[in-house]
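These notes are about the structure you will find just below.
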Amino acid sequence: YRKALKRDPSSFHARRGLAAVAFISGDMQKAERLYQELIKINPGEPYLMRALANVYIGTGKYDAAEAMLGRALKISPDDPDTRCSLGNLKLLRNRPSEALSEYRAALAISPGYPPALGGLGSVQFRSSQYKLAEKNFRAALSKNPLDGFFQRGLANTLAAQGKYGEAEKILKNAQQLSPNEPETLSSLGNLAFTQGDYEGARKYYREALK
């Protein structure tokens, strides 16, 4: 991306790539600055607004993130990605009923949309509606079978219903796909702890902290 910028300092795609790299590497200050500059260049692009909202979420600026996603929705009200991003943020802010509305709106726009199904499952899991959560996580996984978030969601939902064997199988599969994912390791630790395997739980928790 830097080489591309040297050849063309005005390259929008190179700037967007640098912003994404900054976000992935955890340099939130740089990512915020770059995405703000990109939005000034192209103020009608919801993707950039969602990206900046994710930066704000990463730095705890939830009000700014919600305002940015609201701005994106005004530009593109039928964008299921923005609806789901707003749902995720509202769930993070402990507003599950509002999150549910966003996920349902996304599904009305795009029936069977996996992130919205996963969002519904997350809300239902929180409210102990495990059968409904299981149904939605399975539906999401049927479309994206390698998605770690959906795998963990289904496994945690199954574990809550006492289906430990199937839950462990799903989490082990997720671990094979991404061995160092701390959330998967933590879920395995929780599962081991629930079954009284405290040494196994300790091992998974330590791996998650590495």
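The values are calculated or read from the model by the stated rules, or taken from the named source; none is laboratory data. For clarity, every value in this text was computed on a predicted model and none was experimentally measured. Counting neighbours? That spans all protein chains shown, and the Cβs are built from the backbone with ideal geometry, glycine included. For accessibility, only protein heavy atoms count, side chains too; no ligands or nucleic acids. Shrake-Rupley method; radii C 1.70, N 1.55, O 1.52, S 1.80 Å.
Relative to the first principal axis of the alpha-carbon coordinates of the chain, what is the inclination of helix 198-209, with its axis defined by its Cα atoms, in degrees from 0 to 90 and to the nearest 10? Orientation of helix 198-209: about 10 degrees from the principal axis. With kT/(6 pi eta Rh) evaluated at 37 °C and eta = 0.692 mPa s, and Rh the Kirkwood radius from Cα pairs, the chain diffuses with a coefficient of 176 µm²/s according to Stokes-Einstein. Indicate the gyration tensor shape class of region 10-68 (rounded, prolate or oblate), computed on the Cα atoms with a ≥ b ≥ c the square roots of the eigenvalues: a/c under 1.5 is rounded; otherwise a/b larger than b/c is prolate and the rest oblate. Oblate is the answer for region 10-68, as a/c is 1.5 or above yet b/c matches or exceeds a/b.
Is there a quick way to get the dipole size of the chain? I mean about its Cα centre, with the Cβ of Lys and Arg at +1 and of Asp and Glu at -1; what is the value in debye to the nearest 20?
360
Along the axis of the charge dipole computed for the chain (Cβ charges of +1 for Lys and Arg, -1 for Asp and Glu, origin at the Cα centre), the listed residues Leu141, Pro182, Gln36 are led at the positive end by Gln36.
Residues with beta-carbon under 10 Å from that of Tyr62, excluding Tyr62: net charge, scoring Lys, Arg +1 and Asp, Glu -1?
Details: positive: Lys61, Lys90, Arg93; negative: Asp63, Glu66.
After counting each charged neighbour, the total is +1.
Normalised by 2.2 N^0.38 Å, with N the number of residues, the alpha-carbon radius of gyration of region 90-194 equals 1.04. Full extension of the segment from Ser97 to Arg126, taken as 0.36 nm per residue of separation minus the current Cα-Cα distance, would add 9.3 nm. Seen against the Cα atoms of the chain and their longest principal axis, helix 130-143 is set at about 60 degrees.
Protein-only accessible surface at a 1.4 angstrom probe places the residues Arg206, Arg50, Arg15 in the order Arg206, Arg15, Arg50, largest first.
Pairs over the 19 Å Cα-Cα cut-off, from the set Lys40/Lys74; Lys131/Lys203; Lys61/Lys90: Lys131/Lys203.
Excluding same-chain neighbours fewer than eight residues apart, the aspartates and glutamates reachable from Lys172 by a Cα-Cα span under 20 Å are Glu134, Asp147, Glu181, Glu183, Asp197, Glu199, Glu207. In degrees, nearest 10, range 0 to 90: what is the angle between the Cα axis of helix 114-126 and the longest Cα principal axis of the chain? Tilt of helix 114-126: around 50 degrees. What you get for region 24-71, charging only the Cβ of Lys and Arg (+1) and of Asp and Glu (-1), is a dipole of about 60 debye around the Cα centre.
Diagonalising the gyration tensor over the Cα atoms of region 143-210 and scaling each eigenvalue by 5 before taking the square root yields semi-axes of 18, 15, 8 Å, largest first.
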